[in-house]
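So the structure is just underneath, and the comments pick up after that.
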Protein chains: 2
Amino acid sequence: MAERETDRSVSQTVRAQLALRDLILSGGLRPGERISELQAVETIGVSRTPVRMALVRLEEEGLLEAIPSGGFMVKAFSERDILDSIELRGTLEGLAARFAAERGVSARDLEPLKECLGEIDGLVRQDPISVEAFSSYVALNARFHALLTELSRSPPLIRQIDRASALPFASPSGFVMAQSALPEAHQILLIAQDHHRIVVDAIENREGARAEAIMREHARLAARNLRLALRNRTHLDLLPALALIRSVAD
Amino acid sequence: MAERETDRSVSQTVRAQLALRDLILSGGLRPGERISELQAVETIGVSRTPVRMALVRLEEEGLLEAIPSGGFMVKAFSERDILDSIELRGTLEGLAARFAAERGVSARDLEPLKECLGEIDGLVRQDPISVEAFSSYVALNARFHALLTELSRSPPLIRQIDRASALPFASPSGFVMAQSALPEAHQILLIAQDHHRIVVDAIENREGARAEAIMREHARLAARNLRLALRNRTHLDLLPALALIRSVAD
DNA sequence: TCGAACATTTCTGTATACAGAAATTGATAA
DNA sequence: TTATCAATTTCTGTATACAGAAATGTTCGA
């Protein structure tokens with residue numbers, strides 16, 4: 001939707017995949033809705049073959065579901081599904097943190113993580129926090145988690161975490177936090193940042209069990225947060241995947 | 001390879017996927033080897049389109065890797081990759097066991113699991129254990145783990161576990177345990193069955209933490225087991241994915 | 001007015017054709 | 001003999017054509 005002119009640097013398949021994913025996450029396609037290949041062809045502007053490839057990939061990714069009679073539909077998730085996904089992700093990240101701690105990381109390896117930590121600090125110290133700062137936080141937070149995951153040095157685990165993140169971190173491209181929810185969100189950010197600091201410390205000190213435990217706690221915070229957001233119908237959480245939750249969408 | 005005549009009950013894509021996966025797991029395609037679409041078309045007997053679909057699915061599944069310049073190759077795994085995958089799987093199954101315990105399962109829900117437990121008991125009580133009994137065990141064990149996973153009642157978790165099982169449980173269709181390795185394997189089976197009994201008991205008694213812990217321990221047994229198998233170059237382990245390990249294949 | 005059966009239309013799954021890129025082979029020169 | 005360059009061949013990515021199935025709309029009968 002952003003650019004219409006053919007971008008030759010990216011394959012048609014990838015383009016279709018990105019376009020479809022964004023369409024799903026932004027709510028352009030509702031949960032349960034059947035996806036018409038021909039319609040997608042028109043919308044995206046590529047042929048059926050790459051669209052089809054993208055559909056298969058998105059199904060494997062977990063955003064689509066195959067219809068027995070043929071074709072795909074947007075997968076619908078319950079509130080519990082999302083909460084479970086968050087806990088699942090926390091468990092995997094806990095394992096990653098433990099791996100990082102137990103296998104030993106050099107000070108040099110920890111550097112990017114600490115740097116990221118510092119950048120986040122700069123944001124969350126603002127009082128009151130701005131909407132822009134919050135958007136930056138979302139990006140930085142994602143980077144922090146990615147860096148942490150990388151530290152495990154375990155390709156299978158990294159892969160799995162990437163997959164598990166699809167839902168909890170699913171976020172349409174142009175998400176912005178509502179102004180009214182900022183103060184409460186700020187409080188949560190401060191706690192989350194505490195967790196971040198602790199896990200880095202635990203890894204540095206080779207305390208695997210502690211590193212694992214804090215990441216699980218971190219996930220529990222996110223879950224509590226989401227539960228609150230759902231109850232209040234606000235977007236104060238860090239996880240704007242709400243469009244996918246059927247029980248809310250309906 | 002089994003049937004050549006067109007099986008109309010299954011789609012061409014699924015047929016291609018199964019054929020390719022079996023070809024990879026049985027070692028017909030070596031790790032690192034590039035997969036020629038046209039060659040696959042000839043071997044499997046379907047057109048390029050379904051082959052292509054199958055390749056994409058197998059890549060998402062983690063058995064193939066995309067080549068930057070185009071096409072796919074069989075993914076190569078290190079010994080550590082496989083060990084990590086086992087621990088990863090154990091961690092996820094631990095979470096599943098905890099979910100099952102905490103969320104409460106009725107006696108009726110536990111019935112299939114207990115029945116499976118009993119069947120395995122019948123096998124492992126044999127002394128000496130037969131090669132056939134061992135093959136049966138492999139199947140029953142997979143069923144036990146699947147049933148346990150189901151008890152979590154968490155679709156996202158079940159999905160992740162299925163993905164995570166791709167490697168640890170990867171097994172070509174006609175695998176049989178070597179006669180010489182049976183006694184040692186039998187010992188391991190007995191311990192594994194102890195774990196199975198404990199986890200069922202823990203779930204029944206709503207002891208989430210205990211259920212989780214024992215599944216992790218269970219994975220650690222499998223990992224130790226595989227490590228031993230790799231050192232001795234025997235197939236005494238329960239995880240015949242060795243064909244995928246490059247450090248062994250080389 | 002409602003329901004069922006038939007015809008029409010649309011859509012998916014599969015096969016194939018085509019273009020551009022990559023790899024391989026062969027030839028020539030140092 | 002070896003290295004380099006060019007020509008050829010092969011392969012992938014994409015588009016499109018076709019057949020069968022599913023869904024939809026319409027018409028006829030009760």
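Counting residues in the range B:29-42 that are at pLDDT 90 or above, open to solvent by 30 Å² or more (accessible area, probe 1.4 Å) and closer than 19 Å to B:Leu167 by Cβ gives zero.
Within the range B:91-145, the residues that satisfy the criterion of being open to solvent by less than 20 Å² (accessible area, probe 1.4 Å) and polar (S, T, N, Q) are B:Thr91, B:Asn141.
Answer with yes or no whether B:Ala101 is more than 8 Å from chain A (Cβ to nearest Cβ), closer than 19 Å to B:Phe144 by Cβ, of a type outside the set (Lys, Arg) and touching a residue at least 12 places away in the same chain (Cβ under 8 Å).
yes
Taking the residues in the range B:49-82 that are part of a helix (DSSP H, G or I) and in contact with a Phe, Trp or Tyr (Cβ under 8 Å, 6 or more places away or on another chain) as candidates, determine which candidate is nearest to DNA strand D (Cβ to nearest atom).
Initially, the range B:49-82 is screened for residues part of a helix (DSSP H, G or I), giving B:49-61, B:79-82.
From what's left, in contact with a Phe, Trp or Tyr (Cβ under 8 Å, 6 or more places away or on another chain): B:55, B:58-59.
On the way: B:Leu55: 8, B:Leu58: 13, B:Glu59: 10 Å.
Looking at the filtered set, the residue picked out is B:Leu55.
Filtered by the rule that a residue be surrounded by fewer than 17 Cβ atoms within 10 Å (Cβ to Cβ), more than 8 Å from DNA strand C (Cβ to nearest atom) and small (Gly, Ala, Ser), the range B:46-77 gives B:Ala66, B:Gly71.
Checking the condition part of a loop (DSSP other than H, G, I, E, B) and within 16 Å of DNA strand D (Cβ to nearest atom), which residue from A:Val41, A:Val46 passes? Don't jump to the end; show me each part of the working.
Numbers: A:Val41 fails: part of a loop (DSSP other than H, G, I, E, B).
Exactly one residue qualifies, and that residue is A:Val46.
State yes or no: is B:Ser11 out of contact with any Phe, Trp or Tyr (no Cβ under 6 Å at 6 or more places or on another chain), within 16 Å of DNA strand D (Cβ to nearest atom), small (Gly, Ala, Ser) and at the interface with chain A (Cβ under 10 Å from one of its Cβ atoms)? So B:Ser11 passes the test.
For the range B:180-204, what are the residues that are without any contact (Cβ under 8 Å) to a residue 40 or more places away in the chain and closer than 18 Å to B:Pro112 by Cα? Even if it seems obvious, please write down each step before you answer.
Within the range B:180-204, the first condition is being without any contact (Cβ under 8 Å) to a residue 40 or more places away in the chain, and the residues that meet it are B:187, B:191, B:194-195, B:198, B:201.
Listed by number, the residues that qualify are B:Asp194, B:His195, B:Ile198, B:Asp201.
For the range B:28-38, a residue qualifies if it is among the small types (Gly, Ala, Ser) and near DNA strand D (Cβ under 9 Å from one of its atoms), and exactly one does: B:Ser36.
Answer yes or no: is there a residue in the range A:167-190 that is modelled with pLDDT of 90 or more and either away from chain B (no Cβ under 14 Å) or surrounded by fewer than 18 Cβ atoms within 10 Å (Cβ to Cβ) (or both).
First pass over the range A:167-190, keeping only residues modelled with pLDDT of 90 or more: none.
The answer is no; no qualifying residue exists.
Can you name every residue in the range A:32-61 that is in contact with a strand residue (DSSP E or B) (Cβ under 8 Å, 6 or more places away or on another chain) and within 14 Å of another protein chain (Cβ to nearest Cβ)?
Residues of the range A:32-61 that are in contact with a strand residue (DSSP E or B) (Cβ under 8 Å, 6 or more places away or on another chain), as a first pass: A:32-35, A:55, A:58-59.
Listed by number, the residues that qualify are A:Leu55, A:Leu58, A:Glu59.
Under the condition of being open to solvent by less than 30 Å² (accessible area, probe 1.4 Å) and closer than 15 Å to B:Met215 by Cβ, the residues counted in the range B:146-156 number 5. For the structure I just gave you, tell me whether B:Leu18 is open to solvent by 30 Å² or more (accessible area, probe 1.4 Å), part of a helix (DSSP H, G or I) and at pLDDT 90 or above. Against the criterion (open to solvent by 30 Å² or more (accessible area, probe 1.4 Å), part of a helix (DSSP H, G or I) and at pLDDT 90 or above), B:Leu18 qualifies.
Considering the range B:67-94 alone, what residues qualify as being touching a residue at least 12 places away in the same chain (Cβ under 8 Å), facing chain A (nearest Cβ under 10 Å) and closer than 15 Å to B:Arg163 by Cα? Give the steps one after another, and end with the answer.
Let us first name the residues in the range B:67-94 that are touching a residue at least 12 places away in the same chain (Cβ under 8 Å), namely B:67, B:71-79, B:81-83, B:85-94.
Retained after the next criterion (residues that are facing chain A (nearest Cβ under 10 Å)): B:75, B:77-78, B:81-83, B:85-92, B:94.
Passing the criteria: B:Asp81, B:Ile82, B:Ser85, B:Ile86, B:Glu87, B:Leu88, B:Arg89, B:Gly90, B:Thr91, B:Leu92.
The values are calculated or read from the model by the stated rules, or taken from the named source; none is laboratory data. Keep in mind it's a predicted model, so treat the numbers as computed, not measured. All Cβ positions, even for glycine, are placed from backbone atoms using ideal geometry, and neighbour counts span all protein chains on display. With ligands, DNA and RNA removed, areas are computed over all heavy atoms of the protein, side chains included. Shrake-Rupley method; radii C 1.70, N 1.55, O 1.52, S 1.80 Å.
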